[in-house]
Amino acid sequence: MRVKDLDMLRRRINVAVDAVNVGGVIEVGTPKTHKRRSVPFPASLAIPLARQCEGKSSDALVFASKHGTHERRWHNDHGWFPVAVRTSGVPDLTPHDLRHTAASPAISAGANVKAVQRMLGHASAALTLDV
C-alpha cells in the first residue's frame, strides 16, 4: 500500500496494485481480479495511518522494510506477522483470515453483500457469503 492509496478524508484504502513474491522477487501488478476497489478502514486507524505516512512521498510504501522496499512474507514463527499476532494477544491467524474478519462483521451489521463482495474483490456475492 502506497501513501497515495489512502484517502484519509473518506477513510478508504484504494486497492489499485498488488505485490506478490514470485521466485524471491516482489512483482507489482494489478490485483488478481484486475479490478480496482476501495476498502473502508475504521476511524481508530486514521491517526496511526497518518503518522505512518508522515514525511513520505505519495509513491512511498506505507509499511516498508528498513530499506524502503516491500516487506517479505514471513516464513517461520519469527517473521513480522506472527510476532505481531502473538504481541496482540489474538488467536493465531493469517493475513487472509483478516479479510474474513472484515467481511463477517460488515455483513452481520447489515452491509450490502454486493458492496462487501466488491470490497473483497470476489467474483460473486455467493462466494462472499459462502466464505
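The values are calculated or read from the model by the stated rules, or taken from the named source; none is laboratory data. What you see is a predicted model, and the numbers here were worked out from it, not measured in a lab. Using ideal geometry, Cβ is built from the backbone for each residue, glycine included, and neighbour counts are taken over all protein chains shown. Accessible surface areas use protein heavy atoms only, side chains included; no ligands, DNA or RNA. Shrake-Rupley method; radii C 1.70, N 1.55, O 1.52, S 1.80 Å.
Just a few scattered comments:
- Relative contact order (%) - the chain, alpha-carbon pairs under 8 angstrom, separation at least six: 19
- DSSP-loop trypsin sites (Lys or Arg not before Pro) across the range 22-131, with at most 11 other Cβ within 10 angstrom: Lys32, Lys66
- The chain, Rg to Rh (Cα coordinates; Rh as Kirkwood inverse mean 1/r): 0.95
- Per residue accessible area of the chain, 1.4 Å probe, in Å²: 70
- Virtual spin-label span in nm between His96 and Ala126, 7 Å along Cα→Cβ: 2.1
- Element breakdown for the chain at a 1.4 angstrom probe: carbon and sulfur atoms account for 57% of the accessible area.
- Taken one residue at a time, the phi angles of the range 77-84 give Karplus couplings (6.51, -1.76, 1.60, θ = phi - 60°) of 6, 10, x, 5, 6, x, 5, 5 Hz. Gly and Pro are set to x.
- Ordered by 1.4 Å accessible area with all protein chains kept, Asp92, Asp77 run largest first as Asp92, Asp77.
- Once both labels are positioned 7 Å from their Cα atoms along Cα-to-Cβ, the gap between Lys114 and Ala50 label points is 3.5 nm.
- For the chain, modelled as a GNM whose springs connect Cα atoms under 10 angstrom apart, the maximal fluctuation among Pro82, Pro91, Pro31 occurs at Pro91.
- Largest to smallest accessible area among Ile13, Ile47 [probe 1.4 Å]: Ile47, Ile13
- Non-local Lys pairs in the range 1-113, i.e. 8 or more apart or on different chains, that have alpha carbons under 21 Å apart: 5
- Placing Val3, Val22, Val83, Val116 in order of accessible area, with the largest value first and a 1.4 Å probe, yields Val22, Val83, Val3, Val116.
- Computed E for Val28/Arg86 - FRET, C-beta separation, R0 30 angstrom, nearest 0.05: 0.55
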